[in-house]
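> Dumping the structure here so I can ask a few things about it.
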Amino acid sequence: MMSLVCLSLRLRAAGCHGSRRSVATVVSGNKTASLVRQRLQMEVQEMRSVLSGFRPGLLVLQVGDRADSNLYISAKLRAAAQIGIDAKHLRLPSSATQDQVLQSVLSINADPAVHGLIVQLPLDSVNPMDPERITNAVSPEKDVDGLSCINAGKLSRGDLKDCFIPCTPNGCMELIRQTGVSVAGKQAVVIGRSKIVGAPMHDLLLWSNATVTTCHSKTLDLPEQVGRADILVVGAGRAEMVRGDWLKEGAVVIDCGINHIPDERKLSGHRVVGDVHFASASQRAGFITPVPGGVGPMTVAMLMENTVQSARHFLLKIQAGG
């Protein structure tokens, strides 16, 4: 019979301590994004060796001067500079009309030096704006946010190699890959159905051969649905909504939430949390992303990935004489 000492050593090696399991492995978006940037930096250097002076071009089009948008744009420009992307920022005044914004988009579409175009949302204008019409005006070949109806349509029917994938869901898939857990055959649950995160996340998991359930505000018995998930992606926009006791033990948990809650211990008076209650979830999940430092950095990294991909296609056309 195995001695109690040997049994104890085996349990420890397996990550078991009495009746409690080990806490979840934290999947760092900061570390993964750094690896992506390093790879892209090498790819840009290779492009420049193929065509002297060539650089991928990215343009961020902003309407108005929202402080939060300025913060996000600064992060994108910094990441682009690190990789070697020629990134520019075009800010239109808040007095700009929709026609003026559309004219700017069409002008950028025609610029061969720009391989990726982002329309920073929300559009901060005193005039009526239709964000759908403006994002759909972006050339699908330059739509590195993956938000146009053409790219969304291709993704929904599984044409993943012929479209740009929205950056946050794409980053989520990269984080799942980092866990080493295969998506194929797994039960996946997505909470949220937004056009930017939830809907494309469903499509990506589906075309990676998971069985996917999308939950939303009308879903009945959400904890029961979550409890079935081998892979859970949450983009609900509600602070710490998903509790640890909802989770299937060992699940992969990807938290897309960014919420500010009061915290008098912080100088700012608040702290940032996700849509998942991290402390309790980390006691039950197998892998979990932190907030901050999880999905957020990956969103920017995947934007750079799409821009480099677009530039690569442009370079191939030049080489083919197109």
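> When segment 172-220 is examined, which residues are found to be among the small types (G, A, S), surrounded by fewer than 17 Cβ atoms within 10 Å (Cβ to Cβ) and on the phi < 0 side of the Ramachandran plot?
S182, A184, S194, S217
> Among the residues of segment 124-154, write down those that are part of a loop (DSSP other than H, G, I, E, B) and either touching a strand residue (DSSP E or B) at 6+ places or on another chain (Cβ under 6 Å) or in contact (Cβ under 8 Å) with a residue 40 or more places away in the chain (or both).
Within segment 124-154, the first condition is being part of a loop (DSSP other than H, G, I, E, B), and the residues that meet it are 124-130, 138-148.
Within segment 124-154, D124, S125, M129, V138, E141, K142, V144, D145, G146, L147 qualify.
> Scan segment 239-262 for residues that are in contact with a His (Cβ under 7 Å, 6 or more places away or on another chain) and farther than 20 Å from T25 by Cα and jot them down.
Keep residues of segment 239-262 that are in contact with a His (Cβ under 7 Å, 6 or more places away or on another chain), which gives 240, 242-244, 260-262.
Hits for segment 239-262 are H260, I261, P262.
> So V44 fits all but one of (1) out of contact with any Leu (no Cβ under 8 Å at 6 or more places or on another chain); (2) surrounded by fewer than 14 Cβ atoms within 10 Å (Cβ to Cβ); (3) of a type outside the set (D, E); what number is the exception?
(2)
> Counting just the residues of segment 81-102 that are within 26 Å of V300 (Cβ to Cβ) and of a type in the set (G, A, S), which one comes out farthest from the chain's Cα centre (by Cα)?
A96
> Could I ask something else about it? May I ask you to list the residues in segment 65-74 that are at pLDDT 95 or above and within 18 Å of the chain's Cα centre (by Cα)?
Passing the criteria: S69, I73, S74.
> Those residues that are touching a His at 6+ places or on another chain (Cβ under 9 Å), within 30 Å of P223 (Cβ to Cβ) and among the β-branched types (V, I, T), I need them from segment 263-322; list them, please.
V272, V273
> Which condition from (1) among the aliphatic types (A, V, I, L, M); (2) within 30 Å of L51 (Cα to Cα); (3) in contact with a Cys (Cβ under 6 Å, 6 or more places away or on another chain) is the one that V300 breaks?
(3)
> In segment 11-64, what residues are closer than 28 Å to L121 by Cβ, aliphatic (A, V, I, L, M) and either modelled with pLDDT under 90 or assigned by TED's automatic domain parsing to the domain that holds A87 (or both)?
Answer for segment 11-64, where residues must be closer than 28 Å to L121 by Cβ, aliphatic (A, V, I, L, M) and either modelled with pLDDT under 90 or assigned by TED's automatic domain parsing to the domain that holds A87 (or both): L58, L59, V60, L61, V63.
> Here is a list of conditions, (1) free of Cβ contacts under 8 Å to residues at least 40 places away in the same chain; (2) within 19 Å of D275 (Cβ to Cβ), and L175 meets all of them except one; can you say which number that is?
Here L175 meets the rest and fails (1).
> In this structure, does R228 turn out to be charged (D, E, K, R) and modelled with pLDDT under 95?
On the way: charged (D, E, K, R): yes; modelled with pLDDT under 95: no.
Taking the combined requirement at face value, the residue does not satisfy it.
The values are calculated or read from the model by the stated rules, or taken from the named source; none is laboratory data. Owing to the predicted nature of the structure, the values given are computational and were not obtained by experimental measurement. Methodologically, a virtual Cβ is constructed for each residue, glycine included, from the backbone with ideal geometry; neighbour enumeration extends over all protein chains shown.
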